[in-house]
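Some notes on the structure that comes next.
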Amino acid sequence: MKKDYLLVLLIIGGLAAAALVTRWSDAHRVDTASTFAEQPLYMNGPAMKRITLSFNGVAADWYWIRSLQYVGRKLVNFEDTHQGQLNLNDLSVLDLRLLSSLLRMSATLDPQFMEPYYYGAVILPDINPSEAIALLNQGIDANPNQWRLYQHLGYIYWQRHDYEKASEVYATGARLPGAPPWMTAISARMKAEGGSPDAAREMYRHLGEASNDEAVKDMVSKQIMRLDSLDERALIGKVLREYAAANNRCAASWREIANVLRTRGLRLDGAGAPLDPSGTPYRLTKNGCEVDLDENSPVPKR
């Protein structure tokens, strides 16, 4: 009986010790995958190309997949820690410091692999515009007849308000075999109109038509909604100012100006509130003197 009692105590003590060790291990565990993912690349592209020899294409695919996983891991982590409140039109909050290195490595190992260039053209401008431009110039050097690379490069210069350079890049791409006629039209429009809303709409429309990437098409759709919303808010703001001038006060509700808004061609909901391009009602601000997007609207603010 005494031996059995001691054995039971020994088992209980062992289980308690194991539980304590497990808790300590969990508290001090190192996330090896995350740590590895944030490690800088210790070898440059040309050196890696010499090492991989005839397996350059395989290595390029590996770095391409790693870049996708890197962004995906950042997205999941951000959504887990911020209740999913991520603006996909601005990925700078994700701290994607290694993305340009991964994409440049993939492009160096296989210069004719186009996906890293296109992906970088969409993601990198918010993070590091200079790296985005460098990556596309690397692609152009290796693939001088790919007009889509010029389209993406011109778009980045347009985003930076360098309309003269954007026009020059589009004009160069327009001379390539297979380039669509609108490349020439965009070049002329950049030089003539720069950052006008109509030029922006045309830029986004052609970008969406030329891409098979659903993320790009979604970005284009939202940016066109943003431009349409800016026009609508300018019109609504004018109506609000006219109402305030005529009545010596701002509108207390949308119903007070609903008829005027309707005659100006705006869509209204049942309460007389004008609807933004996504179908979400605008909201009155500044005690009815101004208008803004609803906080839950999918229309981007920028």
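Numbers for the structure displayed
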| item | result |
| --- | --- |
| Extreme residue, nearest to the chain's Cα centre (by Cα), among residues of the stretch 134-192 that are of a type in the set (S, T, N, Q) and closer than 16 Å to residue 121 by Cα | 159 |
| Meets criteria (among the charged types (D, E, K, R) and more than 23 Å from the chain's Cα centre (by Cα)) for residue 249 | yes |
| Filter result for residue 198 (acidic (Asp, Glu) and either assigned by TED's automatic domain parsing to the domain that holds residue 112 or more than 30 Å from residue 101 (Cβ to Cβ) (or both)) | yes |
| Unmet requirement for residue 266, which otherwise passes all of (1) within 29 Å of the chain's Cα centre (by Cα); (2) surrounded by 17 or more Cβ atoms within 10 Å (Cβ to Cβ); (3) among the hydrophobic types (A, V, I, L, M, F, W, C); (4) not assigned by TED's automatic domain parsing to the domain that holds residue 158 | (1) |
| Residues of the stretch 116-135 that turn out to be out of contact with any Ser or Thr (no Cβ under 8 Å at 6 or more places or on another chain) and of a type in the set (Ser, Thr, Tyr), as a count | 2 |
| Some residue of the stretch 150-170 being free of Cβ contacts under 8 Å to residues at least 24 places away in the same chain and farther than 23 Å from residue 223 by Cα | yes |
| Residue in the stretch 269-290 that is nearest to the chain's Cα centre (by Cα), counting only those that are surrounded by 18 or more Cβ atoms within 10 Å (Cβ to Cβ) and under 29 Å from residue 219 (Cα atoms) | 277 |
| Candidate set from the stretch 89-102 (those that are assigned to a helix (DSSP H, G or I) and modelled with pLDDT under 85); member that is surrounded by the most Cβ atoms within 10 Å (Cβ to Cβ) | 91 |
| Test: residue 236 is in contact with a Pro (Cβ under 7 Å, 6 or more places away or on another chain) and modelled with pLDDT of 95 or more | yes |
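Residues checked against (1) assigned to a loop (DSSP other than H, G, I, E, B); (2) modelled with pLDDT under 85; (3) assigned by TED's automatic domain parsing to the domain that holds residue 166; (4) within 30 Å of residue 297 (Cβ to Cβ):
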residue	(1), (2), (3), (4)
59	no, yes, no, no
87	yes, yes, no, yes
108	no, no, no, no
132	no, no, no, yes
137	no, no, no, no
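One line per residue, one yes/no per condition, for (1) modelled with pLDDT of 95 or more; (2) of a type in the set (Lys, Arg); (3) under 22 Å from residue 220 (Cα atoms):
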position: 104; (1), (2), (3): no, yes, no
position: 117; (1), (2), (3): yes, no, yes
position: 121; (1), (2), (3): no, no, yes
position: 143; (1), (2), (3): yes, no, no
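The values are calculated or read from the model by the stated rules, or taken from the named source; none is laboratory data. Nothing here was measured: the structure is a model prediction, and the numbers come from that model. Quick reminder, even Gly has a Cβ in these numbers, built from the backbone with ideal geometry, and neighbours come from all protein chains shown.
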